[in-house]
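Notes for the one structure printed next.
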Amino acid sequence: MENPMTETSQAAVVVRDVEKIFNQGKPNQVDALVGIDLDIQPGEFISLIGPSGCGKSTLLRLVADLLEPTTGTITIHGKSAHQARVDQDYGMAFQQSGLFEWRSVERNIELPLELKGWDKAKRRERAQEMLELVKLPEFAKHMPWQLSGGMQQRIAIARALASHPKLLLMDEPFGALDEMTREHMQAELLRICAAAGTTVVFVTHSIPEAVYLADRVVVMSPRPGRITDIVDVGLGRDRNELTREAGDFFARVTEVREALRGIELADQARGIEDR
Amino acid sequence: MNTARLRSLAATVLPPLVLGVLFLVAWQTWVIVSDVQPFVIPRPSDIWKAFVNDFDLVWKASVVTGMNALVGLVLGSLFGFVIAVLTNRFLFVSELVNPLAITIAAIPAVVIVGVLNNMYSLDSQIPRRIMVTISVFFVVFVQVAKGLRQNDATQMELMRSYAASPFDTLKKVRLPNTMPFFFTGVRTAAPLALIIALVSEYFGGTQNGLGSKISGTLNSANKALGFAYVLGGAIVGLLFFAGSNLLEYLVVPWRRRARSK
């Protein structure tokens, strides 16, 4: 299952001693993240979970170089996060599909390739390949508004994967979908990423989602944002609908829930102290 | 499905149509019943007669004023769009221009045409066209500047994740995003262009446009012809409205669905 190459090659993502402070020195200073260390192996699926304000989205944006850390370093496949962004080494998907309404489905998928300077024939071919991957090959010429929310999100994922990045960063991509679509999309995402060996960092606030998808669930807590626990899921790579009903699955869900509850209790205690 | 579409079409078209017809009938009845003299208020039927009989007069005047409005609308829209895009990078420019635009809208800026008239020959339409251009410019500029500042956060983060250059982001995301705002500006400016073109004629120059004809004939005994000129102006105004909507429909197809909702 594990590719022996990946064990010897460098880590996919290394976060070292990262701190992110917004509005430093001002009255509205926010310590979004402190003392963050995280190593992510190639092909690994990581879920980031925690209550709102714990900095999970901030951490994702630091890895994506959409934000810069106040201190510390982030390395992606041996490069700085900035260089990785400039080289388009990762794909990204958000809660909103962020499709460009004036572009057809295939031209949406082609946009990152267009910016990389690919010629049209090559782009078209790749777009078709990606549409087949997300099982919407007949929708190439459709416009985004003609698709359902779940389909739009699948196009957004196809676009994020269009340049075959080794790293996929996702910020609650299924957050706006109904439960049935959501479970279906989770299974699809696992299939797609397993096939391509993609490393994934996935932000969510759904415990079952975090556990079902991830090899490791990173539990975070707020004020200041930090990593409090890392739960090894260990459900193997062959996950299906039965996984959701398995005892091991529930055991991991409980483990993550308790880790989160620990944060909540500590938070309440601190809340009382504050008053 | 077709009956449903017909029904929704009827629901949009019928009420204003019925209201319009009722209004004309009431007007006609009132003028006849109260025996209002035709040099005070003419009957709608007489206005229509004048419109048909003197159609070539109305047509000529409408073309003069309509052309002035159209040239000003096109130039003002172009300048408004281009200058908003060029100055978008400099916040202070929009901070400078926005209050200026509001001031221009508040004062009867059309008097500028009086100044311009002194700079061009007596039979020139250029002062009126410049006046329309200025008025349209500010309306479109303000809308486009607003559109350029309102970007979808997810789309902007995506472009950043692609390491897209500012120029690519402008061309591929911000400009398309701005088009609906641009057309809101054009649609607002279209009737304004016509009004400014009409009023500009009150400040001297060749008396061959709708504005001059309306003011000339409404004071005369032939009130019906005066109202026929007004009808001509109304038709030009409707054409402007329809034209700018059609243009938006063609250029911003992704907005059709949003608007039909």
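Screening the range A:184-228 for residues that are under 18 Å from A:Asp248 (Cβ atoms) and charged (D, E, K, R) and picking the one that is surrounded by the most Cβ atoms within 10 Å (Cβ to Cβ) gives A:Glu209. On inspection, A:Leu111 fails the criterion of being touching a Cys at 6+ places or on another chain (Cβ under 7 Å) and modelled with pLDDT of 85 or more. Being without any contact (Cβ under 8 Å) to a residue 60 or more places away in the chain, closer than 19 Å to A:Glu101 by Cα, more than 10 Å from chain A (Cβ to nearest Cβ) and of a type outside the set (Asp, Glu) is a property that holds for B:Phe181. Inside the range A:52-85, can you point out the residues that are buried (at least 19 other Cβ atoms within 10 Å of the Cβ), closer than 21 Å to A:Ala162 by Cβ and more than 9 Å from chain B (Cβ to nearest Cβ)? Passing the criteria: A:Leu60, A:Val63, A:Ile76, A:His77, A:Ala81, A:Ala84. Screening A:Asp39 on (1) surrounded by fewer than 19 Cβ atoms within 10 Å (Cβ to Cβ); (2) within 14 Å of another protein chain (Cβ to nearest Cβ) shows it passes everything except condition (2).
If you take the residues of the range A:91-119 that are over 16 Å from A:Ala156 (Cα atoms) and more than 9 Å from chain B (Cβ to nearest Cβ), which of them is surrounded by the fewest Cβ atoms within 10 Å (Cβ to Cβ)? If we take residues in the range A:91-119 being over 16 Å from A:Ala156 (Cα atoms) and more than 9 Å from chain B (Cβ to nearest Cβ), then A:Gly117 is surrounded by the fewest Cβ atoms within 10 Å (Cβ to Cβ).
Taken together, the criteria place B:Val82 among residues that are modelled with pLDDT of 85 or more, surrounded by fewer than 15 Cβ atoms within 10 Å (Cβ to Cβ) and closer than 23 Å to B:Leu247 by Cα.
Tell me the residue from A:Val219, A:Val200, A:Val211 that is under 17 Å from the mean Cα position of the chain (by Cα), farther than 16 Å from A:Ala12 by Cβ and not in a helix (DSSP H, G or I), please. Within the list A:Val219, A:Val200, A:Val211, the selection yields A:Val219. Looking only at the range A:143-199, how many residues end up being within 14 Å of chain B (Cβ to nearest Cβ) and among the charged types (D, E, K, R)? Selection size over the range A:143-199: 3. Scanning the range A:220-241 for residues that are on the phi < 0 side of the Ramachandran plot and either among the charged types (D, E, K, R) or touching a Phe, Trp or Tyr at 6+ places or on another chain (Cβ under 9 Å) (or both) yields A:Arg226, A:Asp229, A:Asp232, A:Val233, A:Leu235, A:Arg237, A:Asp238, A:Arg239, A:Glu241. So for the range B:132-154 (the condition being within 14 Å of chain A (Cβ to nearest Cβ), in a helix (DSSP H, G or I) and surrounded by fewer than 19 Cβ atoms within 10 Å (Cβ to Cβ)), does at least one residue qualify? Scanning the range B:132-154, I find at least one residue that is within 14 Å of chain A (Cβ to nearest Cβ), in a helix (DSSP H, G or I) and surrounded by fewer than 19 Cβ atoms within 10 Å (Cβ to Cβ), so the answer is yes. Scanning the range B:1-38 for residues that are surrounded by 12 or more Cβ atoms within 10 Å (Cβ to Cβ) and closer than 16 Å to B:Ala221 by Cα gives B:Val36, B:Pro38. Among the residues of the range A:20-33, those that are of a type outside the set (Lys, Arg) and buried (at least 18 other Cβ atoms within 10 Å of the Cβ) comprise A:Ala32, A:Leu33. Is it true that A:Gln88 is within 14 Å of chain B (Cβ to nearest Cβ), surrounded by fewer than 17 Cβ atoms within 10 Å (Cβ to Cβ) and modelled with pLDDT under 90? In short, no. When you look at B:Val252, is it of a type in the set (A, V, I, L, M) and either in contact with a strand residue (DSSP E or B) (Cβ under 7 Å, 6 or more places away or on another chain) or under 26 Å from A:Ile109 (Cα atoms) (or both), yes or no? Criteria met by B:Val252.
Within the range B:202-261, if we keep just the residues that are in a loop (DSSP other than H, G, I, E, B) and of a type in the set (S, T, N, Q), the residue that is farthest from A:Met143 (Cα to Cα) turns out to be B:Ser220.
The values are calculated or read from the model by the stated rules, or taken from the named source; none is laboratory data. Worth saying up front: this structure is predicted, and the values here are computed from it rather than measured. Every residue, glycine among them, receives a Cβ derived from its backbone with ideal geometry; neighbour counts consider all protein chains shown.
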